[in-house]
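The values are calculated or read from the model by the stated rules, or taken from the named source; none is laboratory data. Quick caveat, the model's predicted, so the values are computed rather than measured. Ideal geometry is used to build each Cβ from the backbone, glycine not excepted, and the neighbour counts take in all protein chains shown.
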Amino acid sequence: MRILVIEDETKVGCFIKRALEEESYAVDLCEDGAKGLEMALHTNYDVLIVDLMLPSLPGLEILKGTRQARIHTPILILTAQSQVDQRVKGLDAGADDYLTKPFAIDELLARIRALLRRGSTESPGVLQIDDLALNPATREVTRGGQRIDLTLKEYALLEYLMRHTGRVLTRPMISEHVWNQDFDTFTNVIDVYVNYLRNKIDRGRSKKLIHTIRGSGYMLKAD
């Protein structure tokens, strides 16, 4: 899933980005409030992590701007301000959760998982289609009860496909959610990774789950 981190403290932002990427998320990092709002308005993110104290545009204005644009992406406020009135202002402006610095990275990851579950009624604790199951909390993938070992990118791609079962996902959609903003959409990396997944998920099985939709993209479905 793709996450935008708007944080002006370089060390903190890079730390969060690295930790999220290790959990297979695609992460864009922005240190400027106005630019961050522009990115949030023009790119389809799954979660926004926003600091309140930002240059050029404060975090509260980013919250208001995204909600006024009818963007309902889950937003986590991350800030050193621990006063109750600041938390109330952030939540009233449209934030879904609040985490105060300093924080434990495990708690941040748990809150992100909770926001992803909350953001879609079609995203239960364990994702399953036919005999293929994926547990976002443990990142364990099984088919027919047999464990399947995936790389971080393979896992991220499969999770995106499973969260949109039965829907045609185009290559631009996949690159937007599984890779970061610097990804070169003219490469064949997506096709290569789909083939990697096929070899691990479908190879040797009579029922194929990953389907190519000619001229459009890919779809995960049981039929």
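Laid out as a table, the results:
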read-out: Cross-chain or 6+ apart pairs with Cβ under 6 Å, the range 153-180 first and surrounded by fewer than 21 Cβ atoms within 10 Å (Cβ to Cβ), then at pLDDT 90 or above and of a type in the set (Asp, Glu); value: ASN180/ASP28
read-out: Members of the range 61-114 found to be small (Gly, Ala, Ser), assigned to a helix (DSSP H, G or I) and in contact with a helix residue (DSSP H, G or I) (Cβ under 8 Å, 6 or more places away or on another chain), listed by number; value: GLY65, GLY90
read-out: Any hit, the range 38-45, residues being under 18 Å from GLU176 (Cα atoms), in a helix (DSSP H, G or I) and of a type in the set (D, E, K, R); value: yes
read-out: Evaluation of THR138 against (1) in a loop (DSSP other than H, G, I, E, B); (2) surrounded by 15 or more Cβ atoms within 10 Å (Cβ to Cβ); (3) among the hydroxyl-bearing types (Ser, Thr, Tyr) (one fails), failing number; value: (2)
read-out: Check on VAL50, more than 21 Å from TRP179 (Cβ to Cβ), without any contact (Cβ under 8 Å) to a residue 60 or more places away in the chain and surrounded by fewer than 22 Cβ atoms within 10 Å (Cβ to Cβ); value: no
read-out: Segments classed as helices (runs of 4 or more DSSP H), wholly inside the range 145-223, with at least 1 members that are more than 21 Å from LEU116 (Cβ to Cβ); value: 171-178, 189-201
read-out: Residue within the range 14-30 that is aromatic (Phe, Trp, Tyr) and over 20 Å from PHE103 (Cβ atoms) present; value: no
read-out: Selection from the range 8-42 of residues that are touching a helix residue (DSSP H, G or I) at 6+ places or on another chain (Cβ under 6 Å) and hydrophobic (A, V, I, L, M, F, W, C); value: ALA19, ALA26, VAL27, LEU29, CYS30, LEU37, ALA40
read-out: Extreme residue, surrounded by the most Cβ atoms within 10 Å (Cβ to Cβ), among residues of the range 15-37 that are under 20 Å from SER56 (Cα atoms) and under 18 Å from the mean Cα position of the chain (by Cα); value: GLY36
read-out: Which listed residue, of THR73, THR43, THR10, THR66, is free of Cβ contacts under 8 Å to residues at least 24 places away in the same chain and of a type outside the set (Lys, Arg); value: THR10
read-out: Near pairs, Cβ below 9 angstrom, 6+ apart or cross-chain, from the range 100-119 (surrounded by 16 or more Cβ atoms within 10 Å (Cβ to Cβ)) to any residue that is part of a helix (DSSP H, G or I); value: LEU108/ILE16; LEU108/ALA19; LEU108/LEU20; LEU109/ALA19; LEU109/LEU20; ILE112/LEU20
read-out: Given (1) farther than 30 Å from GLY145 by Cβ; (2) among the small types (Gly, Ala, Ser); (3) in the same structural domain as LYS200 (by TED's automatic domain parsing), number of the condition GLY94 does not satisfy; value: (3)
